[in-house]
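This report concerns only the one structure given below.
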Amino acid sequence: MSSDTKHSETSSKRHIDAFKEVIYSCNRCGQCFDVSWLGTGYNRCPAYKHGIFESYGARGKFNIARALVDGVIEYDADISERVFACTDCRACAAYCFKFLDTVRVFRALKADLAERDLLPTNFGAAVSGDSSLAREHNVYDAPQTERLDWLPKRGQVDVPADTVFFVGCTAAFVRHNMALDTWEILDKVGADFTVLGDEWCCGHPYLEAGRLDRARQVMEHNIEVITALGASKVVFNCPGCLQTFKKDMPELLGYRLPFEAVHIVEQVADLVEAGQFSFEVHLPKAVVTYHDPCPLGRGLGVYDAPRTVLNAVPGLRLVEMPRQREDAYCCGAGGLIRYDYPDSAVESGSDRLREAESTGADTLVSACPACLMHFQQVRNQLRSRLKIVDITALINSHIR
Amino acid sequence: MAGLDIEKRLLNDDEGRSIPTMTELTKRLTDICGPRRVSDRMADRICHTRDCGPSPGGVPAVIVRPQSTEEVAAIVELANELKTSIFVWGRSTTFIGAGIPEGCILMALDLMNEIEAIDFESQVVTVQPGAVWHAVDTELNKHGWELAVAGPGGMFSCTIGGCVAYNAVPHGITEYGMTGDQVVCLEVVLPNGEVINTGSAANVAAGSLAFERYANGPDLAGLFIGACGTLGIITKVTYRIQRIPPAERFLFYAFDDYTKTVDAAQAIQTQSAATFMIGLFGGPNPVGIEGDGFLHIIIRDNPLAAEERRGIAAAICESFGGNPQDWHATKNYWVDHMYSWLRNFPPETYYSHRPYGAPEMAGFIPTPKVKDAIRYLREYKESHEEEFARLDIRIKCYDVYFSRNGAFLWIDTLYPEQDPEAWQYGVNLRATYADDLCNQFMSPGGILQALAPVIMPKLGPGFEFLKFLKAHLDPNYILNPGVLLLQPEETQEAGK
């Protein structure tokens with residue numbers, strides 16, 4: 001998309017207008033910029049860090065939103081760039097002085113931009129009607145028939161069970177080990193579980209793109225195939241998928257899900273705390289640091305479970321990064337910004353990787369396939385010696 | 001709307017001034033700072049039209065983000081050449097109305113945010129102006145030190161340069177004084193682009209050692225503190241630091257009669273018993289506490305002295321009929337720096353997400369006059385109750401930060417910001433309060449665009465002298481025009 005201003009006709013009804021009260025509630029205090037209680041140089045917003053101008057940060061986007069609802073400006077390509085450069089990490093909302101749900105406002109902006117055909121070029125193509133996402137229900141341009149290629153035994157597909165393991169596109173298509181690790185963990189803990197034969201993308205990319213109707217369609221499909229199996233629980237290894245199910249689906253569809261949705265690390269942590277689970281000693285002894293994935297941490301408030309698990313592995317010593325839990329800095333993979341703003345994604349990932357290195361840890365653990373993949377890429381670019389490990393791999397290799 | 005008309009105005013200016021087109025301005029600024037740190041896109045400019053206050057300013061022509069003193073100086077020289085005004089932006093966390101001129105160069109300094117040196121021997125820290133107050137304080141805390149003033153309400157976001165330029169009223173003012181009191185040396189870009197250092201740092205031959213404010217003649221730092229960027233752009237601040245006191249004590253008292261609260265505060269002032277005292281005289285009462293006035297007291301010292309001062313303050317409060325309350329509210333406030341705790345509300349319930357704006361009015365008054373001011377405010381509210389109710393105007397606070405020998409009264413009136421009638425009423429109300437109080441005993445602290453028309457004409461020869469200084473230092477009226485109304489009336493329209 002050209003950076004030249006591309007005014008489009010203003011729709012008579014805009015999503016953003018419903019948020020006027022929230023937008024006016026921002027008092028522009030600027031607490032969304034920094035994690036000042038850690039000292040100098042700790043940014044909160046990766047988009048602002050890279051974009052430099054306030055318009056990329058939450059305060060700026062609220063100023064833009066206010067100018068839009070006041071009729072001072074209209075949507076254009078510049079606004080699109082600023083809105084879609086957001087990693088959806090919710091760091092701005094975590095310490096908003098007025099406790100505003102910033103992400104809902106940003107999503108309304110995205111929906112308006114989508115309706116005005118103002119999506120960034122690559123992301124727009126990725127969620128278009130003839131995209132891999134539309135045809136094959138994944139963003140990796142892979143045939144849907146290959147979704148279960150990672151699975152060693154086909155006998156566990158679409159079997160009526162208490163638990164469904166929702167694999168997610170990244171693990172299913174490009175990080176098979178993650179899918180296998182999760183599958184094996186569930187197997188080892190004796191779960192009654194199955195995987196879906198016709199799992200579709202959870203809908204997160206459509207939500208991020210403001211394509212709400214398409215998001216609804218895929219959500220309804222997934223709910224239908226899960227409920228058909230009679231499952232009472234769905235387990236995820238992707239916190240992005242989990243957040244979409246647990247938080248976004250009820251909001252968008254207007255009803256509560258007929259099943260429980262949990263991250264695999266929550267399930268394992270429960271077993272550890274109940275004393276039903278223990279781990280082999282990690283040899284040689286290692287120092288790890290944990291990166292809170294944005295959807296799991298700020299999105300769903302799951303901070304303790306991964307730490308419970310890591311602290312339960314003998315031989316592992318967990319050291320924290322300065323920005324941890326609510327303050328955790330986004331890895332840069334959120335919001336699918338890598339499509340159009342890869343430099344911003346890499347800068348954020350690099351900053352975070354350096355922060356992890358500064359702890360003295362030899363391993364960076366996360367609990368998200370997007371974080372894993374992005375950190376691996378950034379590590380290679382930086383030629384860092386830090387090991388990047390998903391917590392499912394660590395759990396699976398240490399189950400006693 | 002003004003924002004959309006800006007390109008047209010700049011291209012078609014018919015007043016004979018050599019105002020450049022935006023393209024030319026942007027290109028020249030890009031020559032100085034490079035393309036990444038200059039933007040004339042509306043999406044960027046629209047984010048720089050107002051501070052936290054209720055009054056929108058103009059839309060800047062271009063945003064530029066220098067990273068060095070040299071770049072700041074070059075931008076100032078360019079602005080003089082092109083006769084285009086500059087508005088200096090830190091984080092814009094004031095509540096008074098920043099006064100951003102239409103079509104200005106908006107110079108945002110928050111990329112200049114490094115700590116250049118911490119000198120424990122001379123007990124100073126030298127920082128670039130865009131460093132966030134609380135972040136610098138946190139770095140010092142790691143060594144057991146702190147900035148010599150606890151910082152203003154916006155400390156989590158506001159910059160040190162901005163706090164000094166506006167001489168912010170900080171937490172801890174009772175013992176530690178104003179923000180400006182602890183400034184040691186400044187580096188300043190003058191309106192003609194020259195760079196000077198103040199205090200001991202002015203002595204270039206001695207290596208510009210920054211450790212003493214009052215060296216080398218007149219206190220030039222004082223010229224720029226509180227001048228709101230009208231006389232120069234602060235590009236480096238050397239600030240006093242101190243060891244974190246080992247003991248802290250907290251007291252919280254409720255009084256049946258607010259005048260007794262003021263009497264108690266005054267007595268504590270004369271005994272130098274408090275590090276910080278905050279009086280509450282309006283707005284919601286602290287949760288679950290009856291009273292007509294409330295006093296929070298914070299004492300920081302070595303353990304023996306802190307205990308002694310606590311005893312003195314407590315005895316004074318009780319001698320004036322004060323009823324002791326749970327001081328954890330006071331402690332929470334001091335630790336979190338969240339005002340809500342003063343009224344024992346957790347921040348999330350107190351601030352909530354109502355779209356309320358706050359046209360703030362604040363100023364210094366002699367301590368005994370606090371009684372008159374509170375009486376005036378309460379009577380005003382009582383006589384306008386119907387209007388307040390109709391427009392949903394609420395009183396957030398009539399709070400007082402007691403200084404060493406006086407009081408800083410802070411009036412926050414809340415109004416539903418999206419209601420134009422309520423908005424106008426709120427803005428007018430502030431002007432009424434300001435005029436009434438400043439005609440009696442008040443002198444404002446941070447003077448910005450909204451208060452300047454009220455207070456500056458009251459300064460008489462002092463105002464003329466300030467205008468004289470401005471005319472000689474900044475003959476093109478480049479820096480922050482409209483903030484203190486220091487330029488001739490015919491050029492006071494924003495952006496000229």
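The values are calculated or read from the model by the stated rules, or taken from the named source; none is laboratory data. In this text the structure is predicted, and so the values were computed from the model without any measurement. Cβ: placed from backbone, ideal geometry, glycine included. Neighbour counts: every protein chain shown.
The rows are residues; the columns are (1) under 21 Å from the mean Cα position of the chain (by Cα); (2) over 24 Å from B:Met107 (Cα atoms); (3) surrounded by fewer than 20 Cβ atoms within 10 Å (Cβ to Cβ).
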{"residue": "B:Gly406", "(1), (2), (3)": "yes, yes, no"}
{"residue": "B:Gly426", "(1), (2), (3)": "yes, yes, no"}
{"residue": "B:Ile455", "(1), (2), (3)": "yes, yes, yes"}
{"residue": "B:Gly460", "(1), (2), (3)": "no, yes, yes"}
{"residue": "B:Glu464", "(1), (2), (3)": "no, yes, yes"}
{"residue": "B:Phe468", "(1), (2), (3)": "no, yes, yes"}
{"residue": "B:Leu473", "(1), (2), (3)": "no, no, yes"}
{"residue": "B:Pro481", "(1), (2), (3)": "yes, no, no"}
{"residue": "B:Pro488", "(1), (2), (3)": "no, no, yes"}
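Name every residue in the stretch A:294-312 that is under 12 Å from A:Asp327 (Cα atoms) and part of a helix (DSSP H, G or I), in order of residue number. Of everything in the stretch A:294-312, those that are under 12 Å from A:Asp327 (Cα atoms) and part of a helix (DSSP H, G or I) turn out to be A:Gly297, A:Arg298.
Considering the stretch B:71-81, the residues that are touching a helix residue (DSSP H, G or I) at 6+ places or on another chain (Cβ under 9 Å) and closer than 23 Å to B:Ala131 by Cα include one that is surrounded by the most Cβ atoms within 10 Å (Cβ to Cβ), namely B:Ile75.
Scanning the stretch B:59-91 for residues that are of a type in the set (S, T, N, Q), free of Cβ contacts under 8 Å to residues at least 60 places away in the same chain and in contact with a Cys (Cβ under 9 Å, 6 or more places away or on another chain) returns a single hit, B:Gln67.
Taking the criterion of being surrounded by fewer than 18 Cβ atoms within 10 Å (Cβ to Cβ) and under 18 Å from A:Trp37 (Cα atoms), the only residue of the stretch A:326-357 that qualifies is A:Glu326. Criterion first (part of a loop (DSSP other than H, G, I, E, B), in the same structural domain as A:Val262 (by TED's automatic domain parsing) and within 24 Å of the chain's Cα centre (by Cα)) does A:Asp181 satisfy it? It is false that A:Asp181 is part of a loop (DSSP other than H, G, I, E, B), in the same structural domain as A:Val262 (by TED's automatic domain parsing) and within 24 Å of the chain's Cα centre (by Cα). Of all the criteria given as (1) crowded, with 19+ Cβ neighbours inside 10 Å; (2) within 23 Å of B:Asp435 (Cα to Cα); (3) within 23 Å of the chain's Cα centre (by Cα), the one not satisfied by B:Ile395 is (1).
Set side by side, the residues B:Val164, B:Val188 differ, and just one is within 23 Å of B:Leu111 (Cα to Cα) and over 14 Å from the mean Cα position of the chain (by Cα), which is B:Val188.
Residue-level check: of (1) away from every other protein chain (no Cβ under 12 Å); (2) surrounded by fewer than 21 Cβ atoms within 10 Å (Cβ to Cβ); (3) closer than 26 Å to A:Val139 by Cα, A:Lys13 misses just (3).
Residue-wise test of (1) over 30 Å from A:Ala328 (Cα atoms); (2) over 21 Å from the mean Cα position of the chain (by Cα); (3) part of a helix (DSSP H, G or I).
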{"residue": "A:Leu100", "(1), (2), (3)": "no, no, no"}
{"residue": "A:Arg104", "(1), (2), (3)": "no, no, yes"}
{"residue": "A:Asp117", "(1), (2), (3)": "yes, yes, no"}
{"residue": "A:Ala142", "(1), (2), (3)": "yes, no, no"}
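In the stretch A:144-164, what residues are surrounded by 14 or more Cβ atoms within 10 Å (Cβ to Cβ) and either in contact with a helix residue (DSSP H, G or I) (Cβ under 6 Å, 6 or more places away or on another chain) or part of a loop (DSSP other than H, G, I, E, B) (or both)? Within the stretch A:144-164, A:Gln144, A:Arg147, A:Leu148, A:Trp150, A:Leu151, A:Asp158, A:Ala161, A:Asp162, A:Val164 meet the criteria.
Checking B:Asp392, B:Asp399, B:Asp419 one by one, the residue that is touching a strand residue (DSSP E or B) at 6+ places or on another chain (Cβ under 7 Å), under 30 Å from A:Tyr95 (Cα atoms) and within 14 Å of another protein chain (Cβ to nearest Cβ) is B:Asp392 and no other.
Evaluating A:Ala361 against the criteria (1) among the small types (Gly, Ala, Ser); (2) within 16 Å of the chain's Cα centre (by Cα); (3) assigned to a loop (DSSP other than H, G, I, E, B) leaves one unmet condition, (2).
Screening the candidates B:Gln418, B:Gln449, B:Gln440 for the property of being surrounded by fewer than 13 Cβ atoms within 10 Å (Cβ to Cβ) and assigned to a loop (DSSP other than H, G, I, E, B) yields one hit, B:Gln440. How many residues does the stretch A:79-98 contain that are crowded, with 24+ Cβ neighbours inside 10 Å and assigned to a helix (DSSP H, G or I)? Result for the stretch A:79-98: 7.
For every residue, the table says whether it meets (1) under 23 Å from B:Gly90 (Cβ atoms); (2) of a type in the set (Phe, Trp, Tyr); (3) surrounded by fewer than 17 Cβ atoms within 10 Å (Cβ to Cβ); (4) modelled with pLDDT under 95.
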| residue | (1), (2), (3), (4) |
| --- | --- |
| B:Leu186 | yes, no, no, no |
| B:Ala201 | yes, no, no, no |
| B:Ala221 | yes, no, no, no |
| B:Cys228 | yes, no, no, yes |
| B:Ile233 | yes, no, no, no |
| B:Thr238 | yes, no, no, no |
| B:Pro245 | no, no, yes, no |
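Identification of helices (runs of 4 or more DSSP H) wholly contained in the stretch B:318-386 with 3 or more residues that are at pLDDT below 90 and of a type in the set (Ser, Thr, Tyr) yields B:347-351. Screening B:Val204 on (1) in contact with a Cys (Cβ under 7 Å, 6 or more places away or on another chain); (2) closer than 19 Å to B:Ala117 by Cα; (3) hydrophobic (A, V, I, L, M, F, W, C) shows it passes everything except condition (1). When the stretch B:251-274 is filtered for residues that are polar (S, T, N, Q) and within 17 Å of B:Glu308 (Cα to Cα), the ones remaining, listed by number, are B:Gln269, B:Thr270, B:Gln271, B:Ser272.
Within the stretch B:82-93, restricting attention to residues that are within 10 Å of chain A (Cβ to nearest Cβ) and of a type outside the set (D, E, K, R), which residue is surrounded by the fewest Cβ atoms within 10 Å (Cβ to Cβ)?
Filtering first and then ranking leaves B:Trp89.
Determine whether the stretch A:60-71 contains at least one residue that is surrounded by fewer than 23 Cβ atoms within 10 Å (Cβ to Cβ), over 22 Å from B:Gln418 (Cα atoms) and at the interface with chain B (Cβ under 9 Å from one of its Cβ atoms). No, the conditions are met nowhere in the stretch A:60-71. The helices (runs of 4 or more DSSP H) located wholly in the stretch B:98-183 that include 1 or more residues which are buried (at least 24 other Cβ atoms within 10 Å of the Cβ), away from chain A (no Cβ under 13 Å) and not small (Gly, Ala, Ser) occupy B:160-165, B:173-176.
Within the stretch A:82-98, residues that are on the phi < 0 side of the Ramachandran plot and away from chain B (no Cβ under 11 Å) have Cβ atoms under 6 Å from residues that are part of a helix (DSSP H, G or I) and of a type in the set (D, E, K, R) in these pairs: A:Ala94/A:Arg298; A:Ala94/A:Glu326, counting only partners at least 6 apart in sequence or on another chain. Which residues, counting only those in the stretch B:49-70, are within 7 Å of chain A (Cβ to nearest Cβ) and either in a helix (DSSP H, G or I) or modelled with pLDDT of 95 or more (or both)? Across the stretch B:49-70, the qualifying residues are B:Ile63, B:Arg65.
Mind checking whether some residue in the stretch A:214-237 is assigned to a loop (DSSP other than H, G, I, E, B), among the basic types (Lys, Arg) and in contact (Cβ under 8 Å) with a residue 40 or more places away in the chain? Checking the stretch A:214-237: not a single residue is assigned to a loop (DSSP other than H, G, I, E, B), among the basic types (Lys, Arg) and in contact (Cβ under 8 Å) with a residue 40 or more places away in the chain. Out of all the residues in the stretch A:36-49, which are surrounded by fewer than 22 Cβ atoms within 10 Å (Cβ to Cβ), in a helix (DSSP H, G or I) and facing chain B (nearest Cβ under 10 Å)? Answer for the stretch A:36-49, where residues must be surrounded by fewer than 22 Cβ atoms within 10 Å (Cβ to Cβ), in a helix (DSSP H, G or I) and facing chain B (nearest Cβ under 10 Å): A:Trp37, A:Leu38.
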